[in-house]
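Everything on this sheet refers to the single structure shown next.
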Amino acid sequence: MEVNDPSKDEWRRNVLLLKIGGGDSINLAGIAHDLADFRDSVCVVHGANALRDDLAGRLGVEKQVLTSVSGYTSVYTDKQLMDVMLMAYSGLRNKRLVELLQMNGVNAVGLTGLDGALVRGKRNQGIRVRQGGKTLIKRDLSGKPVGVNRKLLGLLLDSGFTPVVTMPLIDENNVAVNSENDDVVAVLNQVLEADVVVHLIEAPGILEDHEDPGSVIPRIPRAELAEREKRVHGRMRRKLLALRRLTERASTRVVVADGRRENPLADALAGRGTVIL
């Protein structure tokens, strides 16, 4: 990828990297309202898993969740599910979010990793899973983000636009692939070097007890993430892995906060949630 001269990157002075979860109770209108008063450069990454699952059910497309032998879960993405993802992520959720931002005076541009090869991924060789007492290799349309089109990202931010990024990515064969948005945030931050990364989720923050919403951990030293990752399972284990990778490569302040609040972003920036130091 072409690399711009850092001295010309005006947006690098103050950058917010915002990841919006894909749950159906996330307050998108509140987030858009908060961003209307934000004067620094912003890059948004969003999910749409609830919308994907709803559309898949209505279209009769079965969703399969795989658990690797190492304990990480992922959605098995075949061609049918990829079509549903294109409708849910880059279609409905992305364009409705762009619409909301524009209504609040934020000049947003909706993109997938495919568009302009914004986020390049490398196709997974397969996921090792246990089924019927056997270890099997499952291959699908999924991959890991490995690079960002810095020229395109810089062009948008330098020109005052707010990129709104979602699935799918583009792999080494220029094919659409699914990936984890938390990993996309990490690879984007290698270019953005954001002052703060905010994750808005359907919980008050990272919980000590996932069944107790009152058990929010207010502060987590980054050195503790690896140990905490070993003690959890499923989606939270993958999230902690991505947060650990993010904080290993940058001194960025990370906040994991509740995306359901009236002012989700404003509250997160005020430290209401879990701050990773």
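The values are calculated or read from the model by the stated rules, or taken from the named source; none is laboratory data. All values reported here derive from a predicted model rather than from experimental measurement. As a convention, Cβ positions derive from the backbone with ideal geometry for all residues, glycine included, and neighbour counts pool all protein chains shown.
Quick one: which strands (runs of 3 or more DSSP E) lie wholly within the stretch 76-175 and hold at least 1 residues that are modelled with pLDDT under 95, among the basic types (Lys, Arg) and touching a His at 6+ places or on another chain (Cβ under 8 Å)?
It comes to none.
Looking only at the stretch 178-190, decide whether some residue is under 14 Å from the mean Cα position of the chain (by Cα) and over 26 Å from residue 120 (Cβ atoms).
No, the stretch 178-190 contains no residue that is under 14 Å from the mean Cα position of the chain (by Cα) and over 26 Å from residue 120 (Cβ atoms).
Just one of 184, 177, 146, 165 is among the β-branched types (Val, Ile, Thr) and surrounded by fewer than 18 Cβ atoms within 10 Å (Cβ to Cβ); which is it?
So the residue among 184, 177, 146, 165 that is among the β-branched types (Val, Ile, Thr) and surrounded by fewer than 18 Cβ atoms within 10 Å (Cβ to Cβ) is 146.
Give the residues of the stretch 20-34 that are under 15 Å from the mean Cα position of the chain (by Cα) and in a loop (DSSP other than H, G, I, E, B), sorted by residue number.
Within the stretch 20-34, 21, 22, 23, 26 qualify.
Here's the yes/no breakdown for (1) without any contact (Cβ under 8 Å) to a residue 60 or more places away in the chain; (2) more than 20 Å from residue 45 (Cβ to Cβ); (3) hydrophobic (A, V, I, L, M, F, W, C):
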{"residue": "189", "(1), (2), (3)": "no, no, no"}
{"residue": "199", "(1), (2), (3)": "no, no, no"}
{"residue": "223", "(1), (2), (3)": "yes, yes, yes"}
{"residue": "230", "(1), (2), (3)": "yes, yes, no"}
{"residue": "239", "(1), (2), (3)": "yes, no, no"}
{"residue": "259", "(1), (2), (3)": "no, no, no"}
{"residue": "268", "(1), (2), (3)": "no, no, yes"}
{"residue": "277", "(1), (2), (3)": "yes, yes, yes"}
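Can you tell me which condition residue 63 does not meet? The list is (1) surrounded by 14 or more Cβ atoms within 10 Å (Cβ to Cβ); (2) of a type in the set (Lys, Arg); (3) farther than 30 Å from residue 231 by Cβ, and all the others hold.
The number of the failed condition is (3).
Collect the residues in the stretch 191-242 that are under 14 Å from the mean Cα position of the chain (by Cα) and outside any loop (DSSP other than H, G, I, E, B), keeping them in residue-number order.
Within the stretch 191-242, the first condition is being under 14 Å from the mean Cα position of the chain (by Cα), and the residues that meet it are 197-202, 235-236, 238-242.
Across the stretch 191-242, the qualifying residues are 197, 198, 199, 200, 201, 235, 236, 238, 239, 240, 241, 242.
Mind checking whether some residue in the stretch 259-267 is part of a helix (DSSP H, G or I) and more than 17 Å from the chain's Cα centre (by Cα)?
Filtering the stretch 259-267 for residues part of a helix (DSSP H, G or I) gives 264-267.
Still in the running and more than 17 Å from the chain's Cα centre (by Cα): 266-267.
There is at least one residue in the stretch 259-267 that is part of a helix (DSSP H, G or I) and more than 17 Å from the chain's Cα centre (by Cα).
Which residue out of 37, 53 is surrounded by fewer than 22 Cβ atoms within 10 Å (Cβ to Cβ), closer than 20 Å to residue 260 by Cα and over 18 Å from the mean Cα position of the chain (by Cα)?
Answer to the selection: 37.
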